[in-house]
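Values in this text are rule-based calculations from the coordinates and carry no lab data. Just so you know, these numbers come straight off a predicted model, no measurement behind them. Cβ sites come from the backbone with ideal geometry, for glycine too, and all protein chains shown count toward neighbours.
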Amino acid sequence: KTIGQTAMSEKARDRVFLVGSLSILWISFLFAVQQQEVTRREISRTSEKEITVSLDASFGTVSISKGDRNKVVVAEYSHEQDDRRELEMFYEITDGRGDLEINLTDNRSHKDRRNSSISWEEIKDERDNGNERRLTALLTDAVPLSLKIGLGAGKGKFDLSGLRLKNLKVSAGASSAELQCNEPNPISCDNVTIESGVSRLSANSLSNLNFRKLKFSGGVGSYTLDFAGKLQQKAYADVEVGLGSIVVYVPKNMPTKVITEESWFSSVDVDDCFEKTRKGTYETDGFERSERTLTIKIGSGLGSIKIRCR
């Protein structure tokens, strides 16, 4: 062959190789897409005057936010075709009160109940980290909700803006979670409980929850609590951290008192927007003259505490 023919043959082989490689990549992409399924369940609102929602997820990414007010819940579960774990939903109404359970776990103890469920066999590879499983729950804003969220190993994104929250409890284990409430809760939230284990957690615009009492318990992790928002009543927050670090933010114009438990084993750093009134007690200007105030009691085992105004 001539030099020109050889060069043309090599170019042709390169083109064939490139087309073949792209074809393999495209087939692989189509295979990956085909392996994904989305399961959708919804429950229409009828005669309930208030609803208790319990969501328990031991793995995956869980998102909660406001949805259609005429639907108690619209839930979507995205997963691989060979994922044989379970998504279960149970709902009943008694004396005008709805009771909704959403389970995304390996616990089969509820199998004997009347339910709307999607069941598979146990997944073969237990080493899977669950990042490809996503559960989205859109909740009604038409009636008061008592919301309980249990998150095991995974991620949580909880946007509570616009919901009518009567009570709230969030338990996060070995996971990371983000919580926010960008609109003032139109009803009073009697109790807010947030528990976080070996994890990272950030909670923003907490004052918009319109809570009376808030209890935060942190284990070993990094935590951020931001009390921005509209303060509608006297609010009390009890914050405890074990072997972790926590940063607490309060608005500069919010009448706030901070009570700290000083010890040799933890460090406390309070911003200069607070005035120290006695040992371990700090107040912003105008706290004693205000009717709507925030009082935060905070303590740490072997961690660090920072109180900041912004």
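Report, in listed order, any pair from Lys155/Lys257; Lys230/Lys276; Lys71/Lys234; Lys71/Lys252; Lys66/Lys276 with a Cα-Cα distance greater than 30 Å. Before the final figure, lay out each step's value.
Working: Lys155/Lys257 32 Å; Lys230/Lys276 25 Å; Lys71/Lys234 33 Å; Lys71/Lys252 39 Å; Lys66/Lys276 41 Å.
From Lys155/Lys257; Lys230/Lys276; Lys71/Lys234; Lys71/Lys252; Lys66/Lys276, over 30 Å: Lys155/Lys257; Lys71/Lys234; Lys71/Lys252; Lys66/Lys276.
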Per-residue ³J(HN,Hα) for the stretch 37-50, Karplus 6.51 cos²θ - 1.76 cosθ + 1.60, θ = phi - 60°, Hz, x for Gly and Pro: 10, 10, 9, 10, 9, 9, 10, 7, 7, 10, 9, 5, 9, 7
The stretch 44-107: C-alpha gyration tensor shape, a/c 1.5 cut-off, then a/b vs b/c: prolate
5 angstrom amide H check on Arg164, placed H, neighbours 5+ away: Leu145
Computed over the stretch 167-310: relative contact order in percent, which uses C-alpha pairs under 8 Å that are six or more apart: 22 percent
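Treat the stretch 141-266 as a sphere of radius equal to its Kirkwood radius over Cα pairs and apply Stokes-Einstein at 4 °C in a medium of 1.567 mPa s; give the translational diffusion coefficient in µm²/s, rounded to a whole number.
Details: Rh = 14.8 Å.
Translational diffusion coefficient: 88 µm²/s.
Please sort 157-165, 291-299 by packing, taking for each peptide the average over its residues of neighbouring beta carbons within 10 angstrom, highest first.
On the way: 157-165: 20.4, 291-299: 17.9.
Highest-to-lowest ranking by the protection proxy: 157-165, 291-299.
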